[in-house]
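S.K.: Before anything else, here's the structure in question.
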Amino acid sequence: MHKTFVSTAAWLGAVTVALGAFGAHALKSIVTPDAFTIFETAVRYQFYHVFALLAAGILYHYCPNKFIVLAGRLFITGILVFSGSLYALVYIKNAENLGLYWVGAITPLGGLGFIAGWVCLAIGVSQSSWGGIGTGSKEGL
């Protein structure tokens with residue numbers, strides 16, 4: 001198990017739930033529907049990738065290789081860049097600061113981080129010996 005990834009996933013999971021609750025109970029009434037949709041997208045993708053990071057942390061126990069580590073790092077980076085830029089965009093839209101809308105242009109870089117993380121996870125798992133998992137043997141369980 002990669003304890004740093006599991007711990008980071010747990011903390012990010014807590015933050016994600018808090019952000020979701022904040023969005024549902026406070027933010028919805030103070031931002032435009034468009035901005036709220038952007039916020040929901042940020043929270044949704046953050047939560048999806050909290051689980052991906054958790055999976056990478058657990059899979060590292062069975063497949064300890066550089067691709068699993070890279071996948072975890074890319075998931076973290078993707079959360080920070082993708083969701084972070086969307087959170088910033090919601091703030092900017094709410095503050096009506098027209099000069100900073102370019103922040104939304106970096107969001108796809110975070111999306112590329114997510115995609116690359118999934119690809120690295122697939123490569124990392126396929127290049128490892130599973131020690132009986134998935135081969136019909138019960139000793140790997």
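S.K.: Specify the residue that is nearest to residue 90 (Cα to Cα); the eligible residues are those in segment 20-50 that are of a type in the set (A, V, I, L, M) and over 14 Å from the mean Cα position of the chain (by Cα).
M.R.: 35
S.K.: Do you know which of the residues in segment 118-132 that are exposed (fewer than 15 other Cβ atoms within 10 Å of the Cβ) and of a type outside the set (Gly, Ala, Ser) is modelled with the lowest pLDDT?
M.R.: 130
S.K.: The conditions are (1) under 30 Å from residue 40 (Cα atoms); (2) at pLDDT 95 or above; (3) touching a helix residue (DSSP H, G or I) at 6+ places or on another chain (Cβ under 8 Å), and residue 115 fails exactly one of them. Which is it?
M.R.: All conditions are met except number (3).
S.K.: Right, another one. Does residue 93 count as buried (at least 16 other Cβ atoms within 10 Å of the Cβ) and modelled with pLDDT under 95?
M.R.: yes
S.K.: Now for a separate question. Any residue in segment 83-95 that is under 13 Å from residue 117 (Cβ atoms) and not aromatic (Phe, Trp, Tyr)?
M.R.: No, there is no match, as no residue in segment 83-95 is under 13 Å from residue 117 (Cβ atoms) and not aromatic (Phe, Trp, Tyr).
The values are calculated or read from the model by the stated rules, or taken from the named source; none is laboratory data. Just so it is clear, the model here is predicted, and its values are computed rather than measured. Cβ coordinates were reconstructed from backbone atoms using ideal geometry, including for glycine residues, and neighbour counts include every protein chain displayed.
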